[in-house]
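S.K.: Before I ask anything, let me first share the structure, which is written out below as structure tokens.
The values are calculated or read from the model by the stated rules, or taken from the named source; none is laboratory data. Keep in mind that this is a model prediction, so the values were computed, not measured. Reconstructed Cβ throughout: ideal geometry from the backbone, glycine too, with neighbour counts over all protein chains shown.
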Amino acid sequence: MSLKRIDLLICCGSGCVSAGALKIKERFHEVLAEHNIANEVNIIETGCMGPCDYGPVMVIYPEGIFYKKVTVDDVAEIVAEHFVKGRPVSRLMLQDEEKTIAAKKDVPFYQKQVKVALENCGYINPESLDEYIATGGYEALGTVLTEMKPQDVINVIKDSGLRGRGGGGFPTHIKWQMVHDNKSDEKYIICNGDEGDPGAFMDRSLLEGDPHRVLEGMMIAAYAMGATNGFFYIRAEYPLAIKRIKMAIQQAKEVGLMGKDVFGSGFCFDAEVRTGAGAFVCGEEMALIHSIEGQRGNPTPKPPYPAVQGLWGKPTVVNNVETLGNISTIFRKGAQWFASMGTEKSKGTKVFALTGDIKNTGLVEVPMGITLRELIFDVGGGMIGDHKFKAVQLGGPSGGCLTVDHLDTGVDYESLKERGAMMGSGGVIVMNDDKCMVNVAKFFMDFCVEESCGKCSPCRIGLKQMLEILERITSGYGREGDIEELQRLGESISKLSLCGLGQTAPNPVLSTIRYFRDEYEAHIRDKSCSNKVCLDLMHFNIDKDRCIGCSLCARKCPVTCITGSREEKYTINQVDCVKCGNCFDVCPVKAIDKVPGIHPAVAANREALKKAAHNHED
């Protein structure tokens, strides 16, 4: 990269690319050429900068100006005003409490973040080995290979307190030590990039935005445990991540950073990419290993653990993408530096995918121990509109929901587990007061049922039974004892399932029962969804005092269950209504209301059908 007057960094993470970032980049090339200043501007395609809700975003140096929601039509103005005249375009800057925030360093979204694994994401071109080296890349590998013994490397990781970032929080050094101590003619290391949680994009973004960092971490780990071959297991839905890690491997080989006798140390290492078909269960390490071997991705009982008998029966370490992303920085800045962040038992930082009903969704990295309140309201910007915070789901479909009473809980492994949630890989879904928690539990249970490999009965049968109960409750057929049955099933499945998927899948149901039991009871006893989310437990009603008789609702009804006239006003045949919501959406005077509870006519019809069925059986 040659030195030029201006550095234009355009976020080309998946989110910004989908919003048009690449077209914006092409337009900059065109407009810069028109102004004859193309040789004065470096256009750098970076990985995810973090604030996805603002995308497409860009930062312009040397001033560090942060622009949000840039479009192709804005490019000409940016070049003419900012690049030519030196006057930044204020309308594209962040407006906060009637003030303009120009510099990226002053954007509230970044204030409480500490970047370790994401240190280079959004700052360098992920496809440039030179830029990675310019930020200190591969220095740690060189130091490790030329100055340290394998056991010394493991001791540094132990002193840092690094725990696995894939969900369980298992101490990283213990895995490495077990494989180091096992004598074998071959050992393997696997990077688990099979990120499948709904709403999660942490590992994908790191692989896309800084692939050499993950590769360097893998090589350091391989040296520590005596492995000579590594595998990146990435699901096929992440083509950009696959492309960039393959490119990083090739670049490292071309300059001798990978292969035989790296840094003249005698250390030899090779790596390759294996793609997964998108099975959520393949995030479990033994299922992942079987998938790489060409077998069906099913878990197997432990012991033996992968550290003893893993890939092709050899000692194997499986580390998460983010775990490996921390390694090089730990060796460059020191174990004590890393351990100084976080809590006593949860050291360092954690990357989260912050999503849901908040103002600032995106990719964040914060110190362990930060409170949920800080994460949601300071980093995330709080709730959208006039809505109030209701719950947050942590840990994906295997995690749990926490409430407003837990906002001052520190985000660390132990604190979350005590309250029925878990760190997981880092998915955080924030929900407002419009959400029905029974429906939320049903959504995650449906996901787990679909993703269960079916190998063990508790998971295969038990989860299906839990889903059937939830479907019955949300359809208005819930009965006394359903809540207790869900708890009994959930606790049994957690104890008896073969792998982590089944062991944690009941968590969303158990945690919502624990904190939102009143919603379950209302669904069962009152046949009502107070949030008007469960269609079978609500109905549409036309207020005749507000109805103007325009007939638009009747004309848009797909089952012609709305009748009336301008004089008589319109009514809904509740028995025939399919609750599509078309009438609610098109009414120009908002005369149609969503009403909690089953309409009496529908309830009577259900009873009649039930009685008829009973008589038929007799």
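S.K.: Looking at this structure, is Ser452 more than 20 Å from the chain's Cα centre (by Cα) and assigned by TED's automatic domain parsing to the domain that holds Gln503?
M.R.: Details: more than 20 Å from the chain's Cα centre (by Cα): no; assigned by TED's automatic domain parsing to the domain that holds Gln503: yes.
When the stated conditions are applied, Ser452 does not pass them.
S.K.: Here is a follow-up. Do you know which of the residues in region 273-324 that are acidic (Asp, Glu) and part of a loop (DSSP other than H, G, I, E, B) is surrounded by the fewest Cβ atoms within 10 Å (Cβ to Cβ)?
M.R.: Ranking the candidates gives Glu293 first.
S.K.: I want to confirm something. Restricting to region 506-542 and keeping residues that are of a type in the set (Lys, Arg) and surrounded by fewer than 19 Cβ atoms within 10 Å (Cβ to Cβ), which single residue is nearest to Cys401 (Cα to Cα)?
M.R.: The qualifying residue nearest to Cys401 (Cα to Cα) is Arg514.
S.K.: Run down Cys561, Cys547, Cys553, Cys499 and say which single residue is crowded, with 21+ Cβ neighbours inside 10 Å, farther than 26 Å from Glu450 by Cα and not aliphatic (A, V, I, L, M).
M.R.: Among Cys561, Cys547, Cys553, Cys499, only Cys553 is crowded, with 21+ Cβ neighbours inside 10 Å, farther than 26 Å from Glu450 by Cα and not aliphatic (A, V, I, L, M).
S.K.: In region 162-176, which residue that is in contact (Cβ under 8 Å) with a residue 40 or more places away in the chain and out of contact with any Ser or Thr (no Cβ under 8 Å at 6 or more places or on another chain) is surrounded by the fewest Cβ atoms within 10 Å (Cβ to Cβ)?
M.R.: Gly168
S.K.: Restricting region 198-234 to residues that are under 25 Å from the mean Cα position of the chain (by Cα) and of a type in the set (Ser, Thr, Tyr), which is surrounded by the most Cβ atoms within 10 Å (Cβ to Cβ)?
M.R.: Checked region 198-234; the qualifying residue surrounded by the most Cβ atoms within 10 Å (Cβ to Cβ) is Ser205.
S.K.: Val59 is checked against (1) out of contact with any Phe, Trp or Tyr (no Cβ under 6 Å at 6 or more places or on another chain); (2) closer than 21 Å to Asp210 by Cβ; (3) β-branched (Val, Ile, Thr) and fails just one. What number does that condition carry?
M.R.: (1)
S.K.: Is region 172-189 home to any residue that is under 22 Å from Gly297 (Cα atoms) and at pLDDT below 95?
M.R.: Within region 172-189, none of the residues are under 22 Å from Gly297 (Cα atoms) and at pLDDT below 95.
S.K.: Determine whether region 223-236 contains at least one residue that is at pLDDT 95 or above, farther than 24 Å from Thr355 by Cα, part of a helix (DSSP H, G or I) and in contact with a Lys or Arg (Cβ under 8 Å, 6 or more places away or on another chain).
M.R.: There is at least one residue in region 223-236 that is at pLDDT 95 or above, farther than 24 Å from Thr355 by Cα, part of a helix (DSSP H, G or I) and in contact with a Lys or Arg (Cβ under 8 Å, 6 or more places away or on another chain).
S.K.: So, Lys115, is that one under 25 Å from the mean Cα position of the chain (by Cα), modelled with pLDDT under 95 and either closer than 18 Å to Cys11 by Cα or not small (Gly, Ala, Ser) (or both) or not? I'd like the intermediate steps shown before the answer.
M.R.: Numbers: under 25 Å from the mean Cα position of the chain (by Cα): yes; modelled with pLDDT under 95: no; either closer than 18 Å to Cys11 by Cα or not small (Gly, Ala, Ser) (or both): yes.
In short, no.
S.K.: How many residues does region 510-563 hold that are in a loop (DSSP other than H, G, I, E, B) and among the hydrophobic types (A, V, I, L, M, F, W, C)?
M.R.: Our first condition is that a residue be in a loop (DSSP other than H, G, I, E, B); within region 510-563, this holds for 526-534, 543-551, 557-561.
Subsequent filtering for residues that are among the hydrophobic types (A, V, I, L, M, F, W, C) retains 529, 533-534, 547-548, 550, 557, 559, 561.
Matching residues across region 510-563 total 9.
S.K.: Looking only at region 17-62, which residues are in a strand (DSSP E or B) and over 33 Å from the mean Cα position of the chain (by Cα)?
M.R.: Val41
S.K.: Does region 25-37 include one or more residues that are of a type outside the set (Phe, Trp, Tyr) and touching a Cys at 6+ places or on another chain (Cβ under 9 Å)?
M.R.: The initial filter retains those residues of region 25-37 that are of a type outside the set (Phe, Trp, Tyr), namely 25-27, 29-37.
From the residues that got through so far, the ones that are touching a Cys at 6+ places or on another chain (Cβ under 9 Å) too are 25.
Yes, some residue in region 25-37 is of a type outside the set (Phe, Trp, Tyr) and touching a Cys at 6+ places or on another chain (Cβ under 9 Å).
S.K.: So, one more: In region 574-618, what residues are surrounded by 14 or more Cβ atoms within 10 Å (Cβ to Cβ) and on the phi > 0 side of the Ramachandran plot?
M.R.: Once the filter is applied, which keeps residues that are surrounded by 14 or more Cβ atoms within 10 Å (Cβ to Cβ) and on the phi > 0 side of the Ramachandran plot, region 574-618 yields Lys579, Gly597.
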